[in-house]
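Reading through the structure tokens given below for one structure.
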Amino acid sequence: MKVVLYATVLIVVLTASQGFTADICSLGRETFLLPDSGREEFYKNKIEGKILEGTGSIVNVWQHGPNKNYAVSIDCGNDVVVNVVISVDAKNLKAGQQVHFKGTCVSYGSRRYIYSQKTYMVFELERGSIEVNES
């Protein structure tokens, strides 16, 4: 009995030490489904200042800010868009590419789709990184 207990504790400790990172695409969808009155509290408790990751399709890439960083707009699907600021050259990134991204969330908001009353969530990540999914 003690061996099983120790093995379970060891597995939990190893899993916790690997630094699990939350998925902004899923958290963004949860935020989108909340009423406006609950979004701010959910954002502050679960998203703000946290290192988050996700997977999606590049919508746009542009140069951003005084340090000439790049911003990459990524559509996660399910009415969630994430803008990731990266400090490396983004010349090889193109609209439509599937990518995996990571960064620290610094803000959020909701916007309307063009010519529609339907809204979507936008999250801003700083100190980001992006990897192209090879498939």
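Residues that are surrounded by fewer than 18 Cβ atoms within 10 Å (Cβ to Cβ) and not acidic (Asp, Glu) were ranked within region 70-92; the one that is modelled with the lowest pLDDT is 91. Listed by position, the strands (runs of 3 or more DSSP E) enclosed by region 69-135 that each have at least 3 residues that are in contact (Cβ under 8 Å) with a residue 40 or more places away in the chain and β-branched (Val, Ile, Thr) are 80-86, 98-112, 119-132. Looking across region 12-38, the residues that are at pLDDT below 90 and assigned to a helix (DSSP H, G or I) come down to 12, 13, 14, 15, 16, 17.
The set of residues in region 76-135 being basic (Lys, Arg) and farther than 15 Å from residue 61 by Cβ consists of 102, 111, 112, 118, 127. Scanning region 59-107 for residues that are under 26 Å from residue 34 (Cα atoms) and of a type in the set (Asp, Glu) gives 75, 79.
If only residues of region 107-128 that are in contact with a Lys or Arg (Cβ under 9 Å, 6 or more places away or on another chain) and of a type outside the set (D, E, K, R) are counted, the one that is surrounded by the most Cβ atoms within 10 Å (Cβ to Cβ) is 125. Just to verify a result, which residue in region 43-61, among those that are assigned to a strand (DSSP E or B) and in contact with a Phe, Trp or Tyr (Cβ under 7 Å, 6 or more places away or on another chain), is surrounded by the fewest Cβ atoms within 10 Å (Cβ to Cβ)? By that ranking, first place goes to 53. Out of region 39-69, which residues are over 20 Å from residue 102 (Cβ atoms) and at pLDDT below 95? Residues satisfying the conditions are 63, 66, 68.
The values are calculated or read from the model by the stated rules, or taken from the named source; none is laboratory data. What you see is a predicted model, and the numbers here were worked out from it, not measured in a lab. Using ideal geometry, Cβ is built from the backbone for each residue, glycine included, and neighbour counts are taken over all protein chains shown.
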